[in-house]
1. Test Val139 against the criterion of being closer than 30 Å to Val31 by Cβ, modelled with pLDDT under 90 and either surrounded by 11 or more Cβ atoms within 10 Å (Cβ to Cβ) or hydrophobic (A, V, I, L, M, F, W, C) (or both), and give yes or no.
2. Any chance region 5-24 includes a residue that's surrounded by 12 or more Cβ atoms within 10 Å (Cβ to Cβ) and at pLDDT 85 or above?
3. Just name the residue that is surrounded by the fewest Cβ atoms within 10 Å (Cβ to Cβ) out of those in region 48-87 that are among the polar types (S, T, N, Q) and over 14 Å from Thr36 (Cα atoms).
Amino acid sequence: MFAGFKEFISRGNAVDLAVGVVIGAAFTEVVNSIVTKVLNPLIGGIFGKPNFDNLWVITLGSGDDRAQVLPFSILTALVNFLLVAAALYFLVVLPMNKLAARRKVEETEPAAPAEDVRVLTEIRDLLAAQQRGSNGGSVVGTHQLH
């Protein structure tokens, strides 16, 4: 049982997963900070409130048994979701896609093959022609007949 656990830990998948969880938790703080400290105050400045929870409150019961239903809290959650998605897209996904595209352009092969590749290709072609020539009676590269 311990050997299996040791193998599981030493594979690296568990370490990669742990690092991903820790980085994800740290990044969650960054995104939440952007949403709560930047975007929500902007919404509050535009609409007068940072959220829509109290736009329409339905009160049921009276006294200590009173309950409040906040139907617009769903709208607040949807707006927060869209803000988080927009923050992730514009601050993470879009820059990463541009970086990946830039790396891909840098990694493309040159238009003309390198000199050593060109010479090796010529040698290969000559050897193939010579092999065909020995089977058919003529050598293409040297113009000799058998």
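The values are calculated or read from the model by the stated rules, or taken from the named source; none is laboratory data. Quick caveat: nothing in here was measured; it's all calculated off a predicted structure. Cβ sites come from the backbone with ideal geometry, for glycine too, and all protein chains shown count toward neighbours.
1. Values: closer than 30 Å to Val31 by Cβ: no; modelled with pLDDT under 90: yes; either surrounded by 11 or more Cβ atoms within 10 Å (Cβ to Cβ) or hydrophobic (A, V, I, L, M, F, W, C) (or both): yes.
No.
2. No, region 5-24 contains no residue that is surrounded by 12 or more Cβ atoms within 10 Å (Cβ to Cβ) and at pLDDT 85 or above.
3. Filtering first and then ranking leaves Ser62.
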